[in-house]
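Each remark here refers to the structure printed beneath this line.
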Amino acid sequence: MADLPKTMKAMVLTGHGGLDKYEWHDDWPVPVAAPDEVLIRVEACGMNNTDVNTRSGWYSKDVTEATTGGAHDSIGNDDPSWGGAAIRFPRIQGADVVGTVIAAGADADAALVGRRVMTDGWLRDWNDPMALDKTGYFGSECDGGYAEYTKTHFRNVAAVDSLLSSPELATFSCSYSTAEGMLSRARVGAGDTVLIPGASGGVGGALIQLANRRGARTIAMASANKHSDVAALGPDRILPRTPHDLAAALIGEKITVVADIVGGDGFPALIDILERGGRYTCSGAIAGPMVELDLRTMYLHDLTFTGSTVLALNVFPDLVGYIERGEVKPVLAATYPLRKLCEAQIAFIGKRHTGNIVIVP
């Protein structure tokens, strides 16, 4: 530990707004691990919608449009973060860290030192870990991984025994745990047919693989130019991103679950095609959070709606097991150096890629 530098390179978010709110620092202080924390040398950090939405203030109730990454001139002061409360700046974002533990606090697990680990983004009160109102998110309520070093509670990391590269491993934590949480809430299993809008994105691709793993039939929706990439993930069928007539495209199918991170104008059609007793599960609204719902469809068809954000405690360790056993595979779209984080976020917002974009320091 005597060789640990005092400063590091970091991309720092200074407030809600446009990409100009990011500042590059060559001399940011290296974090110091608390007694229950570990210090990680970052090798890769995945990019997610949370980064864009938090930076732009999209989570504010004052914002009603799709996720574009643009600055919002008028947002509520108290609710522009995922949890509905203001976050403190400056802040280092980045939730999906993969790296090597180089130090452990006095109360942390010393066996983690020297191990390559993945981070679980959900910050918890470990005396009451499933208290939903006591949660936070790594890279939002505390500094994350868009830097050379980061720290987190030792229970928020898992050593991973895998031949995958660190950038490949950095595609998993947020996207795949989000997808697994959605499928768990919707009780997806063999016999289900799951419709997946936005299937070319990180969560969408994870939903295909994880629903397949559960024995479900999967129908992906994606832009035509991405169909070959999506096909490699193993869906049973692929539809256009926005079919002219979704019900007609699904003749002969019985859709029991819609797993949606898109929302927007296509929402009513998704609800209309659900079988009686079907389930709709949601963990995003990149095409827009304001949707039309005919309540008669919901109650007359005995539909169940579930939101999915805070995850059950088993989701992250289960995911690590899936990775180690090769039951899921990474979809790494591109890597960008830390200093080009803004360029990476422009590409991320453009949605011309399939899978996940990863930052490497």
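What follows is calculated from the coordinates using simple rules that are stated; it is not laboratory data. Please read all numbers here as calculations on a predicted model, not as lab measurements. Glycine also receives a Cβ, built like all others from the backbone with ideal geometry; neighbour counts cover every protein chain displayed.
Within 10 Å, count the other beta carbons around each residue, average over each peptide in 351-359, 43-51, 275-283, and list them highest first. Please report the intermediate quantities before stating the final value.
Numbers: 351-359: 21.7, 43-51: 25.9, 275-283: 18.6.
Going from most to least packed, we get 43-51, 351-359, 275-283.
Magnitude of the Cβ-charge dipole of the chain, K/R +1 and D/E -1, about the Cα centre, nearest 20 debye?
My answer is approximately 660 debye.
Amide H neighbours of Leu239 under 5 Å, counting only residues 5+ apart in sequence or on other chains, H built in-plane at 1.01 Å?
Correct list: Ala220, Met221, Ala222.
Looking only at region 15-52, which residues have a backbone nitrogen under 16 Å from a spot 7 Å from the Cα of Asp62 in the C-beta direction?
Within reach of a label on Asp62, which here means backbone N under 16 Å from a point 7 Å along Cα→Cβ, region 15-52 contributes 15-18.
To the nearest 10 degrees, how steep is helix 173-185 against the longest Cα principal axis of the chain, on a 0 to 90 scale?
So the inclination is approximately 40 degrees.
Work out the length of the dipole vector of region 17-60 about its Cα centre, built from +1 on the beta-carbon of each Lys and Arg and -1 on the beta-carbon of each Asp and Glu, and round it to the nearest 20 debye.
Once rounded to the nearest 20, the dipole reads 200 debye.
Thinking of the chain as a set of Cα atoms, what percent of all their pairs are more than 39 Å apart?
Values: 8281 of 64980 pairs.
Across the chain, Cα pairs with separations above 39 Å total 13 percent.
Calculated from DSSP H runs of 4 or more alone, at -39500 (n - 2.57) each and per residue, what is the 222 nm mean residue ellipticity of the chain, nearest 500?
It comes out at -5500 deg cm²/dmol, rounded to the nearest 500.
Considering amide H positions built from the backbone, and no H for Pro or chain starts, which residues 5 or more places from Val331, or on another chain, come under 5 Å of its amide H?
Asn356
Taking amide H positions as placed 1.01 Å from N in the peptide plane, with prolines and chain starts having none, which residues 5 or more places from Gly99, or on another chain, fall under 5 Å of its amide H?
Excluding prolines and chain starts, which carry no amide H, the hits are Glu43, Val117.
Taking a threshold of 27 Å on the Cα-Cα distance, which of the pairs Lys6/Lys134; Lys21/Lys61; Lys134/Lys340; Lys9/Lys134 fall above it?
Check vs 27 Å cut-off fails for Lys6/Lys134; Lys134/Lys340; Lys9/Lys134.
Residue by residue, what Karplus-based ³J(HN,Hα) values in Hz, rounded to whole numbers, does region 243-248 have, using 6.51, -1.76 and 1.60 with θ = phi - 60° and x for Gly and Pro?
The phi angles translate into x, 4, 9, 5, 4, 5 Hz.
Could you work out how far the C-alpha centroid of region 1-54 sits from that of region 135-153, in angstrom?
A separation of 7 Å, based on Cα centres.
Most mobile of His301, His227, His244 per a Gaussian network model of the chain (Cα springs, under 10 Å)?
Looking only at His301, His227, His244, the largest GNM fluctuation is found for His244.
With θ set to phi - 60°, apply the Karplus curve 6.51 cos²θ - 1.76 cosθ + 1.60 along region 21-35 and write out the HN-Hα couplings as whole Hz, x wherever there is a Gly or Pro.
7, 8, 10, 8, 10, 8, 10, 6, x, 5, x, 10, 5, 6, x
Multiply the residue gap between Arg339 and Ala106 by 0.36 nm, knock off their C-alpha separation, and tell me the result in nm, one decimal place.
80.5 nm
What order do you get for Asp120, Asp107 when you list them from fewest to most C-beta neighbours inside 10 Å?
Asp107, Asp120
Can you list the HN-Hα couplings for region 106-121, worked out from phi with the Karplus curve (6.51, -1.76, 1.60; θ = phi - 60°), rounded to whole Hz and with x for Gly and Pro?
Those phi angles translate into 4, 9, 8, 7, 5, 5, 6, 4, x, 8, 7, 10, 10, 9, 8, x Hz.
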